[in-house]
1. For the stretch 235-268, which residues satisfy the criterion of being surrounded by fewer than 19 Cβ atoms within 10 Å (Cβ to Cβ), part of a loop (DSSP other than H, G, I, E, B) and out of contact with any Ser or Thr (no Cβ under 6 Å at 6 or more places or on another chain)?
2. What's the number of the only condition in (1) over 20 Å from D70 (Cα atoms); (2) in a loop (DSSP other than H, G, I, E, B) that M127 fails to meet?
3. Only residues that are surrounded by 18 or more Cβ atoms within 10 Å (Cβ to Cβ) and either free of Cβ contacts under 8 Å to residues at least 24 places away in the same chain or among the hydrophobic types (A, V, I, L, M, F, W, C) (or both): list them for the stretch 117-131, please.
4. Please work out which residue is farthest from D131 (Cα to Cα), limiting yourself to the stretch 70-92 and to residues that are in contact with a strand residue (DSSP E or B) (Cβ under 6 Å, 6 or more places away or on another chain) and of a type in the set (G, A, S).
5. With the requirement that a residue be more than 14 Å from the chain's Cα centre (by Cα), part of a loop (DSSP other than H, G, I, E, B), of a type in the set (A, V, I, L, M, F, W, C) and under 21 Å from A40 (Cα atoms), what does the stretch 52-89 give you?
6. Tell me which residues, restricted to the stretch 218-234, are assigned to a helix (DSSP H, G or I) and buried (at least 22 other Cβ atoms within 10 Å of the Cβ).
7. Taking L283 and the conditions (1) assigned to a loop (DSSP other than H, G, I, E, B); (2) surrounded by 15 or more Cβ atoms within 10 Å (Cβ to Cβ), which numbered condition does it fall short on, given that it satisfies the others?
8. Provide a single number: the residues in the stretch 132-152 that are of a type in the set (D, E) and either modelled with pLDDT under 95 or crowded, with 16+ Cβ neighbours inside 10 Å (or both).
Amino acid sequence: MPLQKILQGLLLALFGLAAVVTLPAAEPKILVHGHRGARARLPENSLPAFQYAIEQGVDALEMDMAVTRDNVIVISHDPILHGPVCTSSKESAVIHQLTLAEVRRWDCGAVQNPRFATQTTVPGTRMPTLDEVFALATQGKFDYNIETKSFLDKPEYTPPPEEFARMVLEKIRQYKLEKRIILQSFDFRTLAAMKKLAPEIRLSALTDADPREFTAISADASHAGIVSPNSKLVTKAKVEAAHKAGLQVVPYTVNTPAEWDQMIEAKVDAIITDDPGSLIAYLRKKKLR
């Protein structure tokens, strides 16, 4: 056989082989949301906690919103001020019944949360406004996962859902953060209200105990593109079904390596954690960041 034909055969064989050999697909990056900033390390829902989370490299700051009597959106998980999160001479007070000035008489960093031995106190920390937290946006490309704390059985704690959504949207647009916002809630009325006002805002349906498929939960929440379940509700099959429907799954609140491994195995899209720095380091070791 002529040498030229032999070379041609070798080249065809090599290129043919190259055409069928493919590298294994890289594992998708798992995003990290800092729960209430980073409450395992610093006072929850505080500027120090958010600043820490940003410095650790979080993909999103997760937080909760309440509204004062003078219609200022503030960052608080509970609608009622109480220890150990916030302390003053009073035992408790409803945020929606106080002005911002009155809320800021409470110290939201003086007492360590007994659930987190690694939490460092920051005495003198005041409850931040949504304005102050949005002002951090220039420090990175992270998203904001913001929750409307709204209660069907306690309407006196917050503005009506439609008004709450309108107030939040006004701030989102003021800071031009439309593409960096996820609005999450257990109260799906606020998600429906936001979808009517601004369908471009990403919505996340929070659920604590609903055992149904995530697709069904999304449908009940104005077809939210994200479902954020208690991590105990997550299974690989439910996540796979959600992905086939074009949904993302972002479980909460996942704080230990064993739990992180379970979520990684289930192939969730992001993890909400109280200790974002440790989770980011863990994912890097596993080549998932």
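The values are calculated or read from the model by the stated rules, or taken from the named source; none is laboratory data. All of these numbers come straight from a predicted model, not from anything done at the bench. As a convention, Cβ positions derive from the backbone with ideal geometry for all residues, glycine included, and neighbour counts pool all protein chains shown.
1. Listed by number, the residues that qualify are T235, G246, T253, T256, K267.
2. (1)
3. Hits for the stretch 117-131 are R126, M127, L130.
4. It comes out as S92.
5. V85, C86
6. S218
7. (1)
8. Residues flagged as of a type in the set (D, E) and either modelled with pLDDT under 95 or crowded, with 16+ Cβ neighbours inside 10 Å (or both) within the stretch 132-152 amount to 2.
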